[in-house]
Amino acid sequence: MTPIIRLPGLAPLMLAATLAILGVLIVLPLGVVFQQAFAKGFAAYLEPLTQPDALSAIRLTLTVAAISVPLNAVFGVAAAWAVARFEFKGKSLLVTFIDLPFSMSPVVSGLVWVLLFGAQGWFGPWLQEHDVKIIFATSGLVLATVLVTLPFVARELIPLMQDQGADEEAAALTLGAGGFTTFWRVTLPNIKWALLYGVLLCNARAMGEFGAVSVVSGSVRGLTTTLPLHVEVLYNDYEFVGAFAAASILACLGLVTLVIKTLLEWRHSGELSAGRRH
Amino acid sequence: MTAAAVAPLAGKRRTPWKQASILPGFPLAMGWTLTYLGLVVVLPLTALIVRPWELGLSGVWATLTEERVLASLRLSFGAAFLAALTNVPMGLLVAWTLTRYEFPGRRIIDAFVDLPFALPTAVAGIALTAIYAPNGPLGSLFAQIGIKTAYTPIGVYIALLFIGLPFVVRTVQPVLQDLDREVEEAAQTLGATNLQRFRLVVLPAVAPALISGFSLAFARAVGEYGSVIFIAGNMPLKSEIAPLLIVIKLEQYDYAGAAVVGLAMLFISFGALLAVNGVQLFLARRGRA
């Protein structure tokens, strides 16, 4: 690609400005996480990560993601099948509702569950009678995470499947394949990379979510703290090395997500929705 | 094509709101989608919309006009507006460099733009605080010229800059990529200066994308919590954001009050987005005229 605007001196200037913006605003915070985490040496870095509270936070984060991500992946496939393969009234309203969680504050996404299931929530008294705990328990964390990450998979699949059209599926059906076979052998292979892309982003957000889970968790140390909440607990206790050590794990999760996401965009750009092609 | 325009295939099982199709699985897919959305999105939102009115109209008004609520809403929306506005030229500059120039490491740098999407907000929050605290690498620089960044509204603004930048870059980038180079070349041949070409050819073409990028960054910034609360300092009336006030009200078991603030945020964002859409429509009409 040849630069079309030939301004002597301006191209290097623009590049320098871009590097300055991205460097100061985006790369510096990432660097600081690791610098602070290793500020007192490697042993001091590892020590807080092997504490039982840290380990249980990691376990809880993995559990919550392991439940929420598959739920939203199945939802995403079902919603994309309904929206991209059929014409019905009220479709744009449905898509608006699917997108809605993206425009809600994470705190509101947590708040709504407290309004339903908290001690003074609509179903609060009933839950207390039957000794079921949702708020300040794992199920509350799952609900909050599910709401926050709901659109990710659907958002990737709907535009892609609309682009692809239903011709191949129609052909398979005409040739006598059953509905399930058609989905398994025709649709799924066509959308697998976009599905993986959506699941990847969904998972990154699920594991890193902070605002929504902090509202429903009550931050009972070792019980309802996910890893991001554990970072907050340590930070507020002035255990900075521990906080940044826990944060460094999450930063690595973010970096791995970024690498896989970039590889998917480079290698399989034709099989992702148009907005993801580079 | 409307549903009524297509005759149903077999005449049996006519559904007036859905076009006939040979593809199977509609009832299952649609049923699951609606059930799931109903339970996860609609039911909780209903609670958010209904519960504030337990206080009665006067109670809702009293909560909304609390000094602390007003201050936090002003801060959240004001800082989000300023940050999104700053991100428009910065995002355009980054997108321009990434699409128009070829340089070693361009694709790597391009990938880094998405880091704020991938980095958990709490991590960004404590890292930004460490950088802009009075003893941090940049915070100490600002302190020398007498500007306190962390633990003030400026800190909130910085965190929202970080969160919003990729939204602008990623909406503008595809438009810049698809922009017809021939029009620019024609302008150049006809003697337009570089500034004229940018102002008269490039800018009108990317303006709608810039506005969408602005509104996405703004919407995200208004509700942002994790990356802000560490750097904000959270002083009531000064650097307390609206989402934090929701958390505080919940901790005091003031559910209805928390719902009032949440609902107000939703309404103001909605109104702001409507206004942005209006501007976009206006620009589109003027472009066609």
Notebook entry, point to check: Within the set of pairs 6 or more residues apart or between chains, which connect a residue that is of a type in the set (V, I, T) inside region B:183-210 to a residue that is crowded, with 17+ Cβ neighbours inside 10 Å and in a helix (DSSP H, G or I) with Cβ atoms less than 6 Å apart?
Noted result: B:V183/B:V201; B:V201/B:E184; B:V201/B:A187; B:V206/B:V172; B:V206/B:V175
Next item on the list: Residue by residue through region B:226-249, note down the ones that are out of contact with any helix residue (DSSP H, G or I) (no Cβ under 8 Å at 6 or more places or on another chain) and closer than 17 Å to B:G78 by Cα.
Entry: B:M235
Margin query: Taking the condition of being surrounded by fewer than 24 Cβ atoms within 10 Å (Cβ to Cβ) and assigned to a loop (DSSP other than H, G, I, E, B), how many residues in region A:142-178 meet it?
Written below: 6
Note to self: For region B:219-238, which positions are part of a loop (DSSP other than H, G, I, E, B) and either away from chain A (no Cβ under 11 Å) or of a type in the set (S, T, N, Q) (or both)?
What the structure shows: B:G233, B:N234, B:M235, B:P236, B:L237, B:K238
Notebook entry, point to check: Among the residues of region A:70-92 satisfying the criterion of being under 13 Å from the mean Cα position of the chain (by Cα) and surrounded by fewer than 24 Cβ atoms within 10 Å (Cβ to Cβ), which is nearest to the other protein chains (Cβ to nearest Cβ)?
Noted result: A:L71
Notebook entry, point to check: Restricting attention to region A:245-258, which residues are buried (at least 22 other Cβ atoms within 10 Å of the Cβ) and either facing chain B (nearest Cβ under 7 Å) or in contact with a Ser or Thr (Cβ under 7 Å, 6 or more places away or on another chain) (or both)?
Noted result: A:A247, A:L250, A:A251, A:G254, A:T257
Item checked: Those residues of region A:226-261 which are more than 18 Å from the chain's Cα centre (by Cα) and part of a loop (DSSP other than H, G, I, E, B), in sequence order -> A:D237, A:Y238, A:E239
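Test A:L195 against the stated conditions and say whether it is surrounded by 16 or more Cβ atoms within 10 Å (Cβ to Cβ) and within 16 Å of the chain's Cα centre (by Cα).
Answer is yes for this residue.
State yes or no: is B:R106 without any contact (Cβ under 8 Å) to a residue 40 or more places away in the chain, surrounded by fewer than 19 Cβ atoms within 10 Å (Cβ to Cβ) and at the interface with another protein chain (Cβ under 7 Å from one of its Cβ atoms)? Step through it out loud before you land on a result.
Details: without any contact (Cβ under 8 Å) to a residue 40 or more places away in the chain: yes; surrounded by fewer than 19 Cβ atoms within 10 Å (Cβ to Cβ): yes; at the interface with another protein chain (Cβ under 7 Å from one of its Cβ atoms): no.
No, not satisfied.
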Notebook entry, point to check: In region B:125-182, what residues are over 18 Å from the mean Cα position of the chain (by Cα) and among the hydroxyl-bearing types (S, T, Y)?
Noted result: B:T129, B:Y132, B:S140, B:T149, B:Y151, B:T152
Next item on the list: Could you tell me whether A:G176 is without any contact (Cβ under 8 Å) to a residue 60 or more places away in the chain and at positive phi?
Entry: yes
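Name every residue in region B:207-228 that is of a type in the set (A, V, I, L, M) and touching a Phe, Trp or Tyr at 6+ places or on another chain (Cβ under 9 Å), in order of residue number. Break it down into steps so the answer makes sense when it comes.
Here is the first cut: in region B:207-228, the ones of a type in the set (A, V, I, L, M) are B:207, B:209-211, B:216-217, B:219, B:221-222, B:228.
Once the filter is applied, which keeps residues that are of a type in the set (A, V, I, L, M) and touching a Phe, Trp or Tyr at 6+ places or on another chain (Cβ under 9 Å), region B:207-228 yields B:L216, B:A217, B:A219, B:A221, B:V222.
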Note to self: Scan region B:123-141 and tell me whether some residue there is assigned to a loop (DSSP other than H, G, I, E, B) and more than 13 Å from chain A (Cβ to nearest Cβ).
What the structure shows: yes
Check: For region B:239-289, how many residues are in contact (Cβ under 8 Å) with a residue 60 or more places away in the chain, within 11 Å of chain A (Cβ to nearest Cβ) and not in a helix (DSSP H, G or I)?
Finding: 1
Notebook entry, point to check: Take the residues of region A:233-252 that are touching a helix residue (DSSP H, G or I) at 6+ places or on another chain (Cβ under 6 Å) and not small (G, A, S): which is nearest to A:C202 (Cα to Cα)?
Noted result: A:L250
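Any read-out appearing in this document is the output of simple, stated calculations on the displayed coordinates, not a laboratory observation. This is a predicted model, so every value here is computed, not measured. Don't worry about glycine lacking a Cβ; one is built from the backbone with ideal geometry, like all the others, and counts go over all protein chains shown.
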